[in-house]
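The values are calculated or read from the model by the stated rules, or taken from the named source; none is laboratory data. Because the structure is a prediction, the values reported are computed rather than measured. Cβ placement follows ideal geometry from the backbone for every residue including glycine, while neighbour counts extend to all protein chains displayed. All accessible areas refer to the heavy atoms of the entire protein, side chains included, with ligands and DNA or RNA removed. Shrake-Rupley method; radii C 1.70, N 1.55, O 1.52, S 1.80 Å.
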Protein chains: 2
Amino acid sequence: MSVSTTEELLAKWERQLRKGLLHLLVLAVLDKGETYGYELISKLGKQLGADMAEGTIYPLLSRLQSEKLISAEWQIMESGPARKYYHITDAGRDLLNQMLSHWAHVNDGIERMVHP
Amino acid sequence: MSVSTTEELLAKWERQLRKGLLHLLVLAVLDKGETYGYELISKLGKQLGADMAEGTIYPLLSRLQSEKLISAEWQIMESGPARKYYHITDAGRDLLNQMLSHWAHVNDGIERMVHP
DNA sequence: AGTAGTACCTTGTAAACCTAGGTATATTAT
DNA sequence: ATAATATACCTAGGTTTACAAGGTACTACT
């Protein structure tokens, strides 16, 4: 088993970091307005500078919905496949604000640690 | 299966967020000077405002060492159990800088998303 | 002798991203 | 017509990793 390159390690780390951030980002996007899964993937890809896999987003949306943090409804399109539009709920907005608060706290901690 | 409370969901999320952050934080601490596992746990606990479990840190230190991002040496204490002191390597410092760069980028992305 | 504090480690479980598939509809090119 | 592309959804299985819960060993204090 060889030692990985820095590039490989960085990519692996970025993937791990996303695990926690994705919840926050999805709720933040939905807080700005309704959207559907396929569009969400491209929005997040731009924000994070990395393409999000569908196998990541769709299960996440299901989990958020089962936790009642977001709600969903199908909309038949005049052209193209139907879309499942998601909205943030009050509980979701509540959690989002607490996440942002915690995020700011952690960010301060890192700032102090890097620039003491 | 009942819906979780906001507190439970937040705690769960914070745990996930740590998955990515811990690598960065451990390397950042070691970049400021050598340290040993037990002391590292209390330092991180203060920074993150949450007590880190030993079962989290010790395996992480082993992984970082096997990736040659940190190095370790035992030191016999005049009093008390021996300590395993860790140092950051050049490769570790290199990765840390790239992590911080990516972190800043992601942080900007979140800022723009929350305050457009 | 017993308790508490320091310091290390391992095993097993749960969570969640991602790869690699799959389905279905509409448009465009051949 | 029909093949290819784009849009849009989903799932199963592998992999990683934080954490709980357990363990070992040394020292100091009562």
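Some observations on this one:
- Of all residues in region B:40-67, those being more than 6 Å from DNA strand C (Cβ to nearest atom) and closer than 13 Å to B:R83 by Cα number 1.
- Boolean, A:G33 is out of contact with any helix residue (DSSP H, G or I) (no Cβ under 8 Å at 6 or more places or on another chain), open to solvent by less than 50 Å² (accessible area, probe 1.4 Å) and at pLDDT below 90: no
- Among the conditions (1) within 7 Å of chain A (Cβ to nearest Cβ); (2) assigned to a helix (DSSP H, G or I), the only one that B:A11 does not satisfy is (1).
- Residues within region B:61-97 that are in contact with a helix residue (DSSP H, G or I) (Cβ under 6 Å, 6 or more places away or on another chain) and under 20 Å from A:V106 (Cβ atoms), tallied: 2
- Selection of helices (runs of 4 or more DSSP H) fully inside region A:14-116 by the criterion of at least 3 residues being closer than 22 Å to B:R112 by Cα returns A:37-48, A:90-114.
- So A:Q16, is it within 10 Å of DNA strand D (Cβ to nearest atom), within 30 Å of B:L24 (Cβ to Cβ) and facing chain B (nearest Cβ under 10 Å): yes
- Scanning region B:9-23 turns up at least one residue that is more than 13 Å from the chain's Cα centre (by Cα), buried (at least 16 other Cβ atoms within 10 Å of the Cβ) and within 9 Å of DNA strand C (Cβ to nearest atom).
- Taken over region A:36-53, the residue count meeting the criterion of being within 11 Å of chain B (Cβ to nearest Cβ), under 23 Å from B:R15 (Cα atoms) and open to solvent by 10 Å² or more (accessible area, probe 1.4 Å) is 3.
- Among the residues of region A:67-116, the one identified as within 8 Å of chain B (Cβ to nearest Cβ), open to solvent by 80 Å² or more (accessible area, probe 1.4 Å) and touching a Lys or Arg at 6+ places or on another chain (Cβ under 9 Å) is A:P116.
Conditions (1) at pLDDT 90 or above; (2) of a type outside the set (A, V, I, L, M); (3) farther than 20 Å from A:W103 by Cα, marked per residue:
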| position | (1), (2), (3) |
| --- | --- |
| B:E73 | yes, yes, yes |
| B:I76 | yes, no, yes |
| B:P81 | yes, yes, yes |
| B:A104 | no, no, no |
| B:D108 | no, yes, no |
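- The set of residues from region B:55-66 being loosely packed, with under 15 Cβ neighbours inside 10 Å and more than 18 Å from B:L21 (Cβ to Cβ) comprises B:S62, B:S66.
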